[in-house]
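Structure first, then comments.
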Amino acid sequence: MHDKTGQTTRDGIRIYGSADFDGMRAAGKVAAEILDEVATLVKPGATTAMLDDFIREDIARRGVVSATIGYKGYRHASCISVNHVVCHGIPGPKVLTDGDILNIDVTVIVDGWFGDTSRMYVAGSLGRKAARLIDVTHEGLMRGIAAVKPGNTFGDIGHAIQTYVEANKMSVVRDFCGHGLGRVFHAPPNVLHYGRPGGGPVLEEGMFFTIEPMVNLGRPETKVLADDWTAVTRDKSLSAQFEHSVGVTATGCEIFTLSPAGKFHPTWG
Ligand code: MF3
Ligand code: CO
Ligand code: CO
């Protein structure tokens with residue numbers, strides 16, 4: 001099937017070719033390197049605005065482009081979501097204190113290709129419950145990624161994440177999802193982090209998308225604050241998220257946003 005621009009699509013999802021993997025590899029690597037570098041600044045006393053300033057300057061130094069500055073009126077180079085903030089936290093004067101956990105989400109455009117990744121950080125010492133939440137969220141993402149191969153479905157990805165998270169007595173956020181990406185930031189399909197085996201579109205070689213589960217210690221419901229961006233847990237429970245950009249290969253999947261420094265999880269590196 002072809003769309004009106006002549007691109008090959010399946011179920012409205014664009015199919016990319018092998019040269020396109022090179023573009024995504026380069027964009028994903030830059031995004032992951034930025035997340036590696038900002039890690040040294042995450043500590044009690046830092047503000048989320050300081051972290052975002054570093055990211056903005058790092059993007060400029062590298063001669064690449066932020067995908068979030070100017071996106072739907074958003075004005076920052078990252079989203080920084082602390083403790084019970086689920087996603088889309090706006091960097092600002094908030095001072096980090098010991099034991100805070102935070103997700104930093106960066107999307108860059110490199111030669112027209114979008115690299116989108118986020119991971120968890122800790123300011124100071126990591127509490128027991130927060131550590132469990134972070135471990136389960138990370139493992140949920142990796143189980144979702146393990147389900148990516150031609151012939152499986154998007155429902156298989158969601159099911160793998162949901163069953164693991166719920167077996168650990170935590171909940172998967174329903175109100176936000178992953179997305180196709182490539183030469184655009186957000187494209188079909190919606191990548192749900194819950195689902196039924198065999199449900200949803202069939203995965204094919206050449207599909208590019210993110211998997212970015214948000215997991216709450218308490219209930220899954222969220223609400224968006226009056227700033228129209230910040231999403232928080234309704235029950236104020238802690239929330240965590242990890243995000244990779246991936247491409248479907250002939251035999252499985254390639255992760256474009258692996259951490260070159262091996263620091264994707266806050267207790268690594
Ligand atoms: N990077 C986010 C995602 O994973 C989107 C952020 S959009 C912004 O899809 F405008 F809030 F930055
Ligand atoms: Co994303
Ligand atoms: Co993101």
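The values are calculated or read from the model by the stated rules, or taken from the named source; none is laboratory data. Everything numeric in this text was worked out from a predicted model, so none of it was measured. No Cβ is skipped: glycine too gets one built from the backbone with ideal geometry, and neighbour counts run over all protein chains shown.
Considering every residue within segment 36-59, establish whether at least one is closer than 16 Å to Val184 by Cβ, surrounded by fewer than 19 Cβ atoms within 10 Å (Cβ to Cβ) and out of contact with any Gly (no Cβ under 6 Å at 6 or more places or on another chain).
Among the residues of segment 36-59, not one is closer than 16 Å to Val184 by Cβ, surrounded by fewer than 19 Cβ atoms within 10 Å (Cβ to Cβ) and out of contact with any Gly (no Cβ under 6 Å at 6 or more places or on another chain), which makes the answer no.
Give segment 162-188 a look and list any residue that's within 16 Å of ligand 3 (Cβ to nearest atom) and within 25 Å of Ala250 (Cβ to Cβ), or say none. Write out each step before concluding.
First, pick out the residues of segment 162-188 that are within 16 Å of ligand 3 (Cβ to nearest atom): 173, 175-182, 184-187.
Listed by number, the residues that qualify are Gly178, His179, Gly180, Leu181, Gly182, Val184, Ala187.
On the basis of being within 16 Å of ligand 2 (Cβ to nearest atom), at pLDDT 95 or above and acidic (Asp, Glu), does Glu221 make the cut?
No; evaluated as a whole, the condition is false for this residue.
Counting just the residues of segment 113-126 that are touching a residue at least 40 places away in the same chain (Cβ under 8 Å) and away from ligand 3 (no atom under 16 Å from the Cβ), which one comes out surrounded by the fewest Cβ atoms within 10 Å (Cβ to Cβ)?
Across segment 113-126, the extreme among qualifying residues is Gly124.
Among Thr249, Thr222, which is out of contact with any Phe, Trp or Tyr (no Cβ under 7 Å at 6 or more places or on another chain), more than 30 Å from Thr8 (Cα to Cα) and either in contact (Cβ under 8 Å) with a residue 24 or more places away in the chain or within 13 Å of ligand 1 (Cβ to nearest atom) (or both)? Reasoning before the result, please.
On the way: Thr249 fails: more than 30 Å from Thr8 (Cα to Cα).
Result of the check over Thr249, Thr222: Thr222.
Please find, within segment 98-112, the residue that is surrounded by the most Cβ atoms within 10 Å (Cβ to Cβ) out of those that are more than 10 Å from ligand 3 (Cβ to nearest atom), more than 16 Å from Lys129 (Cβ to Cβ) and not small (Gly, Ala, Ser).
We begin by selecting, within segment 98-112, every residue more than 10 Å from ligand 3 (Cβ to nearest atom); these are 98-102, 108-112.
Keeping just the survivors that are more than 16 Å from Lys129 (Cβ to Cβ) gives 108-112.
Next cut, not small (Gly, Ala, Ser) only: 108-111.
Numbers: Val108: 28, Ile109: 19, Val110: 21, Asp111: 11.
Residue satisfying both the conditions and the ranking: Val108.
On the phi < 0 side of the Ramachandran plot and crowded, with 20+ Cβ neighbours inside 10 Å: which single residue out of Ile69, Ile80 fits that description?
Criteria check complete, one pass: Ile80.
Assuming Lys129 fulfils every condition listed in (1) without any contact (Cβ under 8 Å) to a residue 40 or more places away in the chain; (2) out of contact with any strand residue (DSSP E or B) (no Cβ under 9 Å at 6 or more places or on another chain) apart from one, which condition is it?
(1)
Please specify each residue of segment 111-130 satisfying the condition of being aliphatic (A, V, I, L, M) and within 15 Å of ligand 1 (Cβ to nearest atom). I'd like the intermediate steps shown before the answer.
Quick first cut of segment 111-130, residues aliphatic (A, V, I, L, M) only: 120, 122-123, 126, 130.
If the condition is that a residue be aliphatic (A, V, I, L, M) and within 15 Å of ligand 1 (Cβ to nearest atom), then Met120 is the only one that fits.
Starting from residues that are in contact with a Phe, Trp or Tyr (Cβ under 9 Å, 6 or more places away or on another chain) and in contact (Cβ under 8 Å) with a residue 60 or more places away in the chain, keep the ones in segment 133-147 and report whichever is farthest from ligand 3 (Cβ to nearest atom).
Val136
Consider segment 40-80. How many of its residues are part of a loop (DSSP other than H, G, I, E, B), more than 12 Å from ligand 1 (Cβ to nearest atom) and free of Cβ contacts under 8 Å to residues at least 12 places away in the same chain?
Of the residues in segment 40-80, 1 are part of a loop (DSSP other than H, G, I, E, B), more than 12 Å from ligand 1 (Cβ to nearest atom) and free of Cβ contacts under 8 Å to residues at least 12 places away in the same chain.
How many of the residues in segment 94-138 are small (Gly, Ala, Ser) and under 25 Å from Cys177 (Cβ atoms)?
4
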